[in-house]
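Structure, as structure tokens:
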Amino acid sequence: MDTRVAVISIIVEKQEAVPALNALLHEYAEYIIGRMGLPYHKKGISVICIAIDAPLNKINALTGGLGRMDGINAKATYSSV
């Protein structure tokens, strides 16, 4: 199955959403290349960047699942190869 490399940018605005966020990311752990999280205390948010190599439908499902969570904003950027 063909895979794509993508970066999913996540902004956490409600800290109570973090356990559900981590649980969802755990479901896709086999596809995740790496993760970087930065707390931004001045604004009371966290910024997370996920690098992923997965089939397009898996990337879309993960991004959609994240986007439906209350207090979470997520967008994906895909490689062209």
(request) Inspect segment 58-79 for any residue being out of contact with any helix residue (DSSP H, G or I) (no Cβ under 6 Å at 6 or more places or on another chain), of a type in the set (Ser, Thr, Tyr), farther than 27 Å from Met1 by Cα and surrounded by 17 or more Cβ atoms within 10 Å (Cβ to Cβ) and give the result as yes or no. (result) no
(request) Could you look through segment 29-50, keep only residues that are assigned to a loop (DSSP other than H, G, I, E, B) and charged (D, E, K, R), and pick out the one that is farthest from Ala74 (Cα to Cα)? (result) Lys42
(message) With the requirement that a residue be farther than 18 Å from Thr77 by Cα and over 11 Å from the mean Cα position of the chain (by Cα), what does segment 1-28 give you?
(response) Met1, Glu13, Lys14, Gln15, Glu16, Ala17, Val18, Pro19, Ala20, Ala23, Glu27
(request) Tell me, yes or no, whether segment 3-18 has at least one residue that is surrounded by 13 or more Cβ atoms within 10 Å (Cβ to Cβ), in contact with a helix residue (DSSP H, G or I) (Cβ under 8 Å, 6 or more places away or on another chain), small (Gly, Ala, Ser) and closer than 29 Å to Val81 by Cα. (result) yes
(request) Scan segment 1-54 for residues that are charged (D, E, K, R), within 14 Å of Leu66 (Cα to Cα) and either at pLDDT below 95 or touching a strand residue (DSSP E or B) at 6+ places or on another chain (Cβ under 6 Å) (or both) and jot them down. (result) Glu13
(request) Filter segment 57-81 down to residues that are under 11 Å from the mean Cα position of the chain (by Cα), in a helix (DSSP H, G or I) and not polar (S, T, N, Q), then give me how many there are. (result) 7
(message) Pairs needed: first member in segment 1-25, part of a loop (DSSP other than H, G, I, E, B); second member anywhere, aliphatic (A, V, I, L, M); C-beta distance under 7 Å; at least 6 residues apart or different chains.
(response) Thr3/Ala54; Glu13/Ile45
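The values are calculated or read from the model by the stated rules, or taken from the named source; none is laboratory data. Keep in mind the model is a prediction, meaning the values are calculated, not measured. Note that we place each Cβ from the backbone using ideal geometry, even for glycine, and neighbour counts take in every protein chain shown.
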